[in-house]
Amino acid sequence: MRGRQGITVIEILIIAALVAFLLACALPKLKLSGSAARSGTGTLADLRRIEAAKDQYAAEHHKKAGDPVTMEEMVKAGYLRSTPKGLPPGTRVIVGSIGTPAAIAPEHSHDDLSAPAHSDDEEDQRH
């Protein structure tokens, strides 16, 4: 018997069928995320709306850079309809203070952009 060289037409057809199957599975998910991005319903669009609402809130309430603001304040005052609903699972929005960008953080994170960097207890222990 001779040694086998190259690949056969059957093998090429099997590989093409597998690639087609994987593309058929992946394309609907990609289309949905693309339409959400174009329609302005994604997470990035939510962050942009929050930033715009923060800017308007700051201007109309004479807030300065560094003044804290919460999501509840902006919703209650009518600058946002509600808190964002389409966030990735296990995350939350950190609005922060005026002049700092809104961000998305893990739900269990204690890292709030408007929180002080250290507590009074730490300050007492230093002196």
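Take the conditions (1) among the small types (Gly, Ala, Ser); (2) outside any helix (DSSP H, G or I); (3) at pLDDT 90 or above; GLY6 misses just one of them, which is (3).
Annotation: of all residues in segment 84-95 being at pLDDT below 85 and assigned to a loop (DSSP other than H, G, I, E, B), the one that is surrounded by the fewest Cβ atoms within 10 Å (Cβ to Cβ) is PRO89.
Residue count for segment 74-83 satisfying the condition of being outside any loop (DSSP other than H, G, I, E, B) and more than 10 Å from LYS54 (Cβ to Cβ): 2. Exactly one residue out of THR43, THR70 is modelled with pLDDT of 85 or more, closer than 13 Å to ALA102 by Cα and out of contact with any Phe, Trp or Tyr (no Cβ under 7 Å at 6 or more places or on another chain): that is THR70. In this structure, is HIS118 farther than 24 Å from GLY42 by Cβ, within 22 Å of the chain's Cα centre (by Cα), modelled with pLDDT under 85 and assigned to a loop (DSSP other than H, G, I, E, B)? No.
The values are calculated or read from the model by the stated rules, or taken from the named source; none is laboratory data. Here the structure is a predicted model, which is why all the values come from computation and not from measurement. For neighbour counting, all protein chains shown are included, and Cβ atoms are generated from backbone atoms with ideal geometry for every residue, glycine included.
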